[in-house]
Amino acid sequence: MMTATEPRPLHLVHARLLDPVTGLESPGGVLVSGGRIADFSSDLAAPGSVADADVLDCAGRFVLPGLVDLRAFIGEPGEEYRETLRSASEAAAAGGVTTVVAQPNTSPVIDDPAVVDFVLRRARDTGIVHIRVAAALTKGCRGQEMSEIGLLKEAGAVAVTDGDRPVTNAQVMRRALTYARMFDMPVIHHVEDPNLVGEGVMNEGEFATRLGLPGIPRAAETIMLERDMRLVQLTGGRYHAAMITCRESLEVIRRAKHAGLPVTAGVSINHLTLNEMDIGGYRTFLKLRPPLRSEEDRLAMVEALAEGLVDIIVSDHNPQDVETKRLTFAECEPGAIGLETMLSAGLQLVEAGLISLKRLLEAMSAAPARLAGLETGRMARGAPADLIVLDRDYPWVVDAAGLHSRCKNTPFDEARLSGKVFATLVAGRVVHRLS
């Protein structure tokens, strides 16, 4: 539990400083005081260079800004058996995520200022990382009636979205974009046409046919995205595509950005590191929404991320109870947990030479922080001391039973990864340390 007592200054020594915003990468140290970064430089690398401070020896490991995850589904309130704010924050801390933006798909739905306030208060009382709220774009996340966007922002919401539910009514979406623009509130949208998704459960194509499973066409994503771009052009509202998954969607985003529209896009770590072939023998932990696409699509998404066309990476953390996953592939619920493995999985792309470490970290920290209007995600004097110490070379095997989330539906179970968070600091306090 986070308390109001101010800790002693903390001196991180023998560190390798890395800031994806400024491009800084050099040996040094960091002084943390009052929950903020007081100073950082090569002169602070050695212990004893700061008097009257606790010391954390980083032993040559990277020190970098904490990650910001804009898309995490947390069961609390109402479905605490899936995940609580406490368990989600513990998983986040273990994965280097210092700020989590909770989605509104709870019970009750986060569509009222009082519910926003309740969740934020509950998170402050029980969480160990920062938990912010994305409030519902429409009442009940039903896509029929716009929520009170201004009041929700005043209560503390950082964005509006219906989570994993698309708004199919174009008039409602137009009004929401118009009103959100008045409050400079980003609208985050799940781009899938449910009518085209139909009974589909995986990517439409040859592999789905071989497995005997109904497919979901890429057009279900691109048609909705094309519609939204027209509405953004009409309204001027800030728009963020929550997750895109295929090459065709990249072309839509590229045209919109070239036209100067206020548009950004995200991709999940799952769609960057996995493809439809990984489903193999009907592995239900890899049933996702939107579905895993082809290897060609995956590589296109990685390339777009590297060049900056895709702005951010999300975990798409979606805990599912064992009873909802212990079904046939066609019948089980979509979703996978990801807070604890997002960074380590992303480092695979760096090891493969597909993306630079700085770009990967920017897409997981500074870029999502900017989108949500947060001051974290950067290493600067006076910035919040939300930092992680990364052991880049630490080898580990993902053991689902050992993860902090209440549900264990990880698509990376038994995966061999390299790179693990040694320590996580939130407001200058060490909230996680590798044992």
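Odds and ends about this structure:
- The ranking of Glu154, Glu333, Glu83 by Cβ neighbour count inside 10 Å, starting from the fewest, reads Glu154, Glu333, Glu83.
- Given charges at beta-carbon only (K, R positive; D, E negative), |dipole| of the chain in Debye: 580 debye
- Antiparallel bridges, percent of DSSP beta bridges restricted to the chain (to nearest 5): 50 percent
- Expected 222 nm ellipticity per residue - DSSP helices of 4 or more, -39500 (n - 2.57), all of the chain, to 500: -8500 deg cm²/dmol
- Rh by Kirkwood over Cα pairs, then Stokes-Einstein D for the chain at 1.306 mPa s and 10 °C, µm²/s: 73 µm²/s
- Ascending count of other beta-carbon atoms within 10 Å, so fewest first, for Phe73, Phe183, Phe285: Phe183, Phe285, Phe73
- Eligible lysines near Lys325 by straight Cα distance, threshold 20 Å, same-chain separation 8 or greater: Lys287, Lys408
- Order of Glu25, Glu206 under a 10 Å beta carbon neighbour criterion, fewest first: Glu206, Glu25
- Segment 243-314: C-alpha gyration tensor shape, a/c 1.5 cut-off, then a/b vs b/c: prolate
- Fluctuation leader among Leu339, Leu24, Leu225 - the chain, Gaussian network, Cα springs under 10 angstrom: Leu24
- Rounded tilt (10° steps) of 170-182 against the dominant C-alpha axis of the chain: 30 degrees
- Cα lying deepest toward the dipole's positive end in the chain, options Phe40, Ala91, Gly260, charges on Cβ: Gly260
Quick note: the coordinates plus some simple rules give every number you see, no bench work behind them. None of the values given here were measured: they were computed from a predicted structure. Note that we place each Cβ from the backbone using ideal geometry, even for glycine, and neighbour counts take in every protein chain shown.
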